[in-house]
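One structure is given here, and the rest of the page talks about it.
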Amino acid sequence: MNSRLIPILMTVILAVLLAGCYDASEVDDITHVLAMGIDRGVSDKWRLTVQFSTIQDSPGGGEGGDGGGGGSGQSQGDYTHMTVDAPSFFAGLDMLNSSIPRELSFTHLGLIAISEDLAREGLMADFIAPLIRYKQIRGSTPLMVIKGSALDFIRENKPYIGTVLSKAMQISTRASMNIGFFGHTTLGDFYSDLKSTYRQPVVPIGALNDFKTFREDGPKWGDKYKDEGEYLAGQLPRYGVRKIEYWGTALFSGEKMLTELNGTETRALLMLRGEFKRGFFTVQDPKKPELIIPLDIRPKGKPKVRMSFKDGIPNIDITVPLKGTILAIQSGLHYEQDPLLSLLEKTFEKETKSEIDQLINKCKGLNLDVFKFGDVGARYFATIQEWEKYNWNSKFKDAKINTQVEFVIQRTGTRTKTSPIPNRQEE
Amino acid sequence: MIEEGKFGVQETVWLMVSTIVTKVFYTSPAQVASLVGNVSWYMTLISTATAILGFTFIYLLLKRFPGWDIATIMKDTLGGFFGFVFSIALALYLLFLATNTLSEFTEVAKAYVFLLTPSSFILGVFVVGVLVMCILGLETQARFAKLAAYTMLTGFVLVLILGTENYDINRLFPILGYGADKILITGLARSSVYGEIVILAVIAPSLQGTYFVKKAGYISLILSGLLISLSVLAYSLSFPYYVAQEIVAPMYEMAELIDYGRFVQRVEPIFLFIWFFSSFISITALFYCFVSLYCKIFRIQDIRPIALGSALILFVSALFNMDLGVGAVQRIQNIRQYGWIPPFILPLIALIVGMLRKRGVRSHE
């Protein structure tokens, strides 16, 4: 046989073989799960809810029938969801696949929603952590603790704007970068923090707002000042169509959720972790406390952490550098220039430091280092054995922590000064 | 004599680098992380230095026999019987490396990419490709390695740069990992990672002289050391030590985590490209050198029938290796602890005996 013929022949055989693949899936053979909810089950240990597209154009066209194995389905316009009680995720998956005319695929999963009940019972490690092994679910999938039932949350998970749910979810979960009232935790982050010798896990909270805190009637608010960050998830005084809101943070001790942070505490947490990106803050006007000055705040760099150990107790000095832009000055005073500019900076620094200190004390009380201080602490140990023997997570409660906020107003928005309103009636 | 063609230092360097570095894409980084913790990135530099010392013995041996291959040198220095035993041992070592690399490749491919494809299919297709390349010859392999290197390097650097969003410098601490003693011992033993450098002794006649063997050898080792260190550093920055040691293929998962909003995500196909190509080059080079060495030992002029038979052995042994189950990977890693003996100690013995018996000539270069 010609010596060149063998390679040519083999190349042709290879090309033919490679064209057909066992792992190939036709696009219309599978359906992509967009969101997954996990509750404690009634008929079995876990209640698994999956949401996916019906791949139909007309709203309301996707009617999910009753699922097998105790499952149930419900239409959500172009999307539908199905729920099943099962002994494990994978058993539930097979049970759901038995009643869906496509194969469920999790390669484009955009959200894992865990009920708070499950998180507080410390069952997340049992269910969530093992999912990291499953090839279809990416480590970068966002994770949320849901107040109430994850099933109810999935029921309300609709695009509202536009028709693409995956995009809506992605934008919503990443909104943390623009507001800072909740963070961004992925499955990979949670898995890593769960096993961490450096820190404890944190997960953002999602909730359904029943709009009961929105009161249409009653005495008017007046001039009292209330920080918008004081609300907890599901309690924002708002009204509208979309019930879902992401707000606050769930703090874990190992696998068990211990407590919940409100919006302000969450911002402080993100600042200390170096994960705060941006947010509008409201400061009471130092000269006219009945009025406010909104600021657009961004980090000026990563937090600077210095640490030393005395008698085995960590002393931590942390400086949080921030910069800001003035968004509005209700009083019309010249906060754009000194001395009022400095006064405003100092006021914000003091307020933020106070919020940060309160959060640190709260977490020290719970012995939870959720601030990543342990990451820096590890630098002071030569070997992993020494570090693990020290057991950072058990020592955090004794840590002495000094905080400092460095804030500078870099811009004044689109106005360099505020002219007074003539004939304004002063009270 | 088998006609293997001639090629330059660049082709040789990329052939060697691809062959050596490919291991970083498999289970090795996780295994090393379980031994030394988060310090594999500089531990491997100890391995590189050890391998450079080991290669110096290979080079000194080749220098005494300019233009000779290792089988002929072994026979000349150690005599017919011991020369045969040493050469066969080296050949089997190369086949063992090829088999293990192929098994590991298939294992990782099945875990991440071809979940449903039978192992025999992946192995079969791969072995056919290796056989084609083997028949096309050493020069083709070397030139292909150089051609693929540019694309692979670009993809490699891209993955490392895109991965920066997940890097955390604090993950490199505690700086001594599981302890300086473990770093040193593992670093010395893991010089086996660079054991493929012995291939240079098999293909030495294809280079333009001993000086070029020396140049290609040292450059290959240094470049491989840097690339392995860089990859391991990237994954050490991406995963804390307690997670890094759990992952089957840390480099793949590192690429999978890259996520820049809705614009840049799911970039692991770039990694797959690098992974597949480097594995292909690596397994082909190891397999070819086994076949070549075998032919040289038994003075067989036509490589093709031996290549065909050896390909069957490669396929069956890799399949058998995989049938051993989940423990196979662990066993491979354990064996790698002693993998430095064949590539570095056998040539060293040949060198010492050659010097004592005053065999070979001084280099004329």
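We did not get these values from a lab; they are worked out from the coordinates using the rules stated. None of these values were measured; they are calculated from a predicted model. All Cβ positions, even for glycine, are placed from backbone atoms using ideal geometry, and neighbour counts span all protein chains on display.
Spatial offset of segment B:264-306 relative to segment A:153-206 amounts to 44 Å, using the alpha carbon center of each. Once Rh for segment A:267-420 is found with the Kirkwood sum over Cα pairs, what is the Stokes-Einstein diffusion coefficient at 37 °C and 0.692 mPa s, in µm²/s? The calculation lands on 193 µm²/s.
Counting only Cβ charges, +1 for Lys and Arg and -1 for Asp and Glu, the dipole size of the protein assembly as shown around its Cα centre is about 2680 debye.
Ordering B:LEU351, A:GLY41, B:SER18 by the projection of their Cα atoms onto the charge dipole of the protein assembly as shown, which places +1 on the Cβ of Lys and Arg and -1 on the Cβ of Asp and Glu, puts B:LEU351 at the extreme positive end.
The residues neighbouring B:ILE169, those whose beta-carbon lies less than 14 Å from its own, together hold a net charge of +2 under the Lys/Arg +1, Asp/Glu -1 convention. Each listed q (0.13, 0.26 Å⁻¹) maps to a log10 I(q)/I(0) for segment B:155-214, found by the Debye formula over equal Cα scatterers with no solvent: -0.72, -0.98.
The distance from the alpha carbon centre of segment B:199-248 to that of segment A:320-376 is 49 Å, rounded to a whole number. With R₀ fixed at 45 Å, the C-beta to C-beta distance from A:ILE179 to A:THR107 puts the FRET efficiency at about 0.95. When Lys and Arg each count +1 and Asp and Glu each count -1, what net charge do the other residues less than 12 Å away from A:GLU103, Cβ to Cβ, add up to? With Lys, Arg at +1 and Asp, Glu at -1, the neighbours total -3. Net charge dipole, segment B:9-356: roughly 760 debye, given to the nearest 20, about the Cα centre with Cβ charges of +1 for Lys and Arg and -1 for Asp and Glu.
Under 26 Å from the Cα of B:LYS358, which lysines turn up, not counting those fewer than eight places away in the same chain? The qualifying lysines are B:LYS63, B:LYS75, B:LYS214, B:LYS215, B:LYS296. For segment A:27-261, the Cβ-based charge dipole about the Cα centre amounts to some 520 debye (Lys, Arg positive; Asp, Glu negative; other atoms uncharged).
List, in the order given, every pair from A:LYS158/A:LYS243; A:LYS158/A:LYS256; A:LYS195/B:LYS110 whose Cα-Cα distance in the structure shown is over 20 Å. Distance filter (> 20 Å) returns A:LYS158/A:LYS256; A:LYS195/B:LYS110.
Here the sum of -39500 (n - 2.57) over DSSP H runs of 4 or more residues, divided by the residues of chain B, equals -24000 deg cm²/dmol at 222 nm, to the nearest 500. Under conditions of 10 °C and 1.306 mPa s, the protein assembly as shown yields 53 µm² s⁻¹ as its translational diffusion coefficient, taking Rh as the Kirkwood radius over Cα pairs in the Stokes-Einstein equation.
So for segment A:177-301, Kirkwood radius off the Cα pairs, Stokes-Einstein at 20 °C and 1.002 mPa s: how many µm² s⁻¹? The calculation lands on 132 µm²/s. What pairs in B:LYS6/B:LYS146; A:LYS323/A:LYS372; A:LYS287/A:LYS417; A:LYS372/A:LYS400; A:LYS287/A:LYS323; A:LYS304/A:LYS353 have C-alpha atoms more than 19 Å from each other? Violating the 19 Å Cα-Cα cut-off are A:LYS323/A:LYS372; A:LYS287/A:LYS323. For chain B, the direction-averaged projected area of the alpha-carbon convex hull comes to 17.6 nm². In this structure, the amide hydrogen of A:ILE146, modeled 1.01 Å from its nitrogen in the peptide plane, lies closer than 5 angstrom to those of A:ILE114, A:SER115, A:GLU116, A:GLY206, counting only residues at least 5 positions away or on a different chain. Set the Cα radius of gyration of segment A:27-261 against 2.2 N^0.38 Å, with N its number of residues, and you get 1.03. For segment B:1-67, the percent of C-alpha pairs falling in each 10 Å distance bin, counted from 0 to the bin holding the largest distance, reads 15, 35, 30, 15, 4. Annotation: for a label point projected 7 angstrom from Cα along Cα→Cβ of B:ASP323, residues of segment B:102-128 with backbone N closer than 16 Å are B:103, B:118-124. With both labels modelled 7 Å from their Cα along Cα-to-Cβ, the A:ASP23 to A:ASP311 distance reads 5.8 nm. Here is the size of chain A from its Cα atoms: Rg then Dmax, 26.3, 105 Å. What fraction of the Cα pairs in segment B:49-175, stated in percent, has a spacing above 21 angstrom? Pairs farther apart than 21 Å: 68 percent. Projecting the Cα positions of A:HIS32, A:MET177, A:PHE214 onto the charge dipole of segment A:27-261 (unit charges on Cβ atoms of Lys, Arg, Asp and Glu, taken about the Cα centre) puts A:MET177 furthest along the positive direction. Sorted largest first, the principal axis extents computed over the alpha-carbon atoms of segment B:176-256 equal 47, 33, 17 Å. When the Cα positions of A:LEU14, B:ALA145, B:ALA30 are compared along the charge dipole of the protein assembly as shown, B:ALA145 comes out farthest toward the positive end, with charges on each C-beta of Lys, Arg, Asp and Glu.
Working note: 222 nm ellipticity from helices only, DSSP H runs with n ≥ 4, each -39,500 (n - 2.57), summed and divided by the residues of chain A, gives -7500 deg cm²/dmol to the nearest 500. Sorted from longest to shortest, the spans of the Cα atoms of segment A:319-382 along the three principal axes equal 54, 26, 18 Å. Residues whose amide H falls under 5 Å from that of A:VAL283, counting only those 5 or more places apart or on a different chain, are A:ILE293, A:LEU295, with hydrogens built in the peptide plane.
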